[in-house]
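A short write-up of the structure that comes next.
The values are calculated or read from the model by the stated rules, or taken from the named source; none is laboratory data. None of the values given here were measured: they were computed from a predicted structure. Note that each Cβ is placed from the backbone with ideal geometry, even for glycine, and that neighbours are counted across all protein chains shown. Protein only, heavy atoms only, side chains kept; ligands, DNA and RNA dropped before computing areas. Shrake-Rupley method; radii C 1.70, N 1.55, O 1.52, S 1.80 Å.
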Amino acid sequence: MPSHSEANRISRAVQTLRADGTPFVDLTESNPTQAGIPYPTGIVASLSDPSALRYEPSSLGLLSARRAVADDHLRRGVVVDPAHVVLTSSTSEAYSWLFKLLCNPGEGVLIPRPSYPLFDHLTTLEGVFAHPYALEYHGRWDIDFDSIASAPPGVRALLLVSPNNPTGSVVTTDELERITAVCKRQGWALVVDEVFADYPLDTHGALTDIATRSEVLCFTLAGLSKTIGLPQLKLGWCVVGGPPAERDAALAALEMVADSYLSVGTPVQVAAPALLSAGASIRDAIQVRIGRNLERLRALTQAAPACEVLRAEGGWSAVLRVPATREEELLVLDLLRDERVLVHPGYFFDFPSEAYLVLSLLPAEDVFADAAGRVLRYVEC
Ligand SMILES: Cc1ncc(COP(=O)(O)O)c(C=O)c1O
């Protein structure tokens, strides 16, 4: 049975405010459907296509939907063969299938640190270990290759998150070459999470053709949850690439895993072409929102010289380095009590030191600007 920890002090404070009906501004909001993003109301109509009344189980997904996902890669100039696309109900599910595929119990994967905390749960639930490699900030978040070289035995894959959550760092061409060389030498697969690839900030964008040209067995993951801001539709995908024999063996094994669950609903698969095309306006609205909020945060930080907004190359978060004059957890609790603003502490994402605050860039611009301004003034005092 997986261990389930008690709610931490921050969660308990939030629960108390909610129970008392005390309003607060949530700068941890990562759900775009709760952030006042305009959604075309007709977009869900495609889910009621009557052809979805017929059930035709298809382990890797309906070909029409796999083709739509492949075609969607053309937006970024990436040519994907629909036969190499595997549909899942979410990126999280894709991870769990890959851990089943790549690892025996007791084996594991390398994960970036800092990164998003779900990895610990996803690996534990599959009985595999997650060993961290470090990202270090030197004006941008670089991969620390020494921490990869000291990986323990039993590693089967290296996970890249590009752009990473919450650091926003994207893997560079040079880093990818070095990682590929290590994976080749060690016999590791490469798993690339590109859920935020559509949201560049301080960069021209993440590399998104990694699976199609990889020299090692490679899986790239994404889904509707971020690319069109509709997590509740439950459609993700995995593009399989690498040396053809290994790629095809992996696809055959994934087909067996997928066939054991058949977890992706028919309506969303039938609707996939329409959703991917109509979702462009949602993506655009999110991109405008996060860009403006980041710009605003930087402007506000000019008046708070003790704080620094770290370089964010992509994604939906900003990382604020603040003076470590009190523990991150206490600072977050104090901000909630005194300013009624909720932010994430850096330790939540396993930052190597204190003090960092992580702010979601999704909230409405006026709400974000007011709350971020209060956070900065509070910290500065
Ligand atoms: C980096 C990263 N990968 C994957 C996911 C999960 O995506 P999905 O909703 O498709 O499971 C998240 C969710 O926030 C994420 O931050």
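Test of the criteria: in region 195-304, which GluC sites (Glu not before Pro) are in a DSSP loop and have at most 15 other Cβ atoms within 10 angstrom of their Cβ? Don't skip to the end; give the middle numbers.
Working: sites: E215, E246, E255, E295; in loops: E215.
Taking region 195-304 and a limit of 15 other Cβ atoms within 10 Å, the loop GluC sites (Glu not before Pro) found are E215.
Between S317 and residues 5 or more places away or on another chain, which pairs have amide H atoms under 5 Å apart, with H built 1.01 Å from N, and which residues are they?
L361
Taking every eigenvalue of the Cα gyration tensor of region 51-278, multiplying by 5 and rooting it, what semi-axes result, largest first, whole Å?
Working: eigenvalues 150, 80, 51 Å².
After scaling each eigenvalue by five and taking roots: 27, 20, 16 Å.
For region 41-91, evaluate the Debye formula with one uniform point scatterer on each Cα (no solvent term) and list log10 I(q)/I(0) at q = 0.21 Å⁻¹, rounded to two decimals.
Here log10 of I(q) over I(0) equals -0.91.
Take the alpha-carbon positions of the chain, form their convex hull, and give its projected area averaged over all directions (one quarter of the hull surface) in nm². Show your work: numbers first, answer last.
On the way: hull surface 76.2 nm².
The number I arrive at for the chain is 19.1 nm².
Can you list the HN-Hα couplings for region 263-268, worked out from phi with the Karplus curve (6.51, -1.76, 1.60; θ = phi - 60°), rounded to whole Hz and with x for Gly and Pro?
Residue by residue, region 263-268 yields 8, 8, x, 5, x, 6 Hz.
Amide H to amide H, which residues 5 or more places from W188 or on other chains are under 5 Å from it, using H placed in the peptide plane?
none
How large is the charge dipole for region 51-278, taken about the Cα centre, if only the Cβ atoms of Lys, Arg (+1) and Asp, Glu (-1) carry charge, to the nearest 20 debye? Walk me through the numbers before you get to the answer.
Working: 16 positive and 25 negative charges, 81 e Å.
For region 51-278, the charge dipole is close to 400 debye.
Per-residue HN-Hα couplings for region 171-179, Karplus 6.51 cos²θ - 1.76 cosθ + 1.60 at θ = phi - 60°, whole Hz, x for Gly and Pro?
Working through the residues one at a time gives 6, 8, 4, 5, 4, 5, 4, 5, 5 Hz.
Rounded to the nearest 20 Debye, what is the dipole magnitude of the chain about its Cα centre when Lys and Arg each give +1 and Asp and Glu each give -1 at the C-beta?
Values: 31 positive and 46 negative charges, 92 e Å.
Taking the Cα centre of the chain as origin, the dipole is about 440 debye.
In region 51-278, what percentage of the DSSP-assigned beta bridges are antiparallel, given to the nearest 5?
Numbers: 13 of 31 bridges.
Expressed as a percentage, antiparallel bridges in region 51-278 total about 40.
Counting only protein heavy atoms, what percent of the accessible surface of the chain is carbon or sulfur at a 1.4 Å probe?
Numbers: 8580 of 16500 Å².
That fraction is 52 percent.
Where Rh is the Kirkwood radius over the Cα pairs of region 230-271, the temperature 10 °C and the viscosity 1.306 mPa s, what D in µm²/s does Stokes-Einstein return?
Details: Rh = 12.0 Å.
This corresponds to a translational diffusion coefficient of 133 µm²/s.
Could you pull out every residue, at least 5 positions away or on a different chain, whose amide H is within less than 5 Å of the one on L160? Hs are placed 1.01 Å off N in the peptide plane, and Pro or chain starts have none.
V191, V192, D193
Just from its helices, what would the mean residue ellipticity at 222 nm be for the chain, if runs of 4 or more DSSP H residues each count -39500 (n - 2.57) and the sum is divided by every residue, rounded to the nearest 500 deg cm²/dmol? Show your work: numbers first, answer last.
Working: 13 runs with 145 residues, N = 381.
It comes out at -11500 deg cm²/dmol, rounded to the nearest 500.
Counting only DSSP beta bridges with both residues in the chain, what percent are antiparallel, rounded to the nearest 5?
Working: 23 of 43 bridges.
Antiparallel: roughly 55 percent of the beta bridges in the chain.
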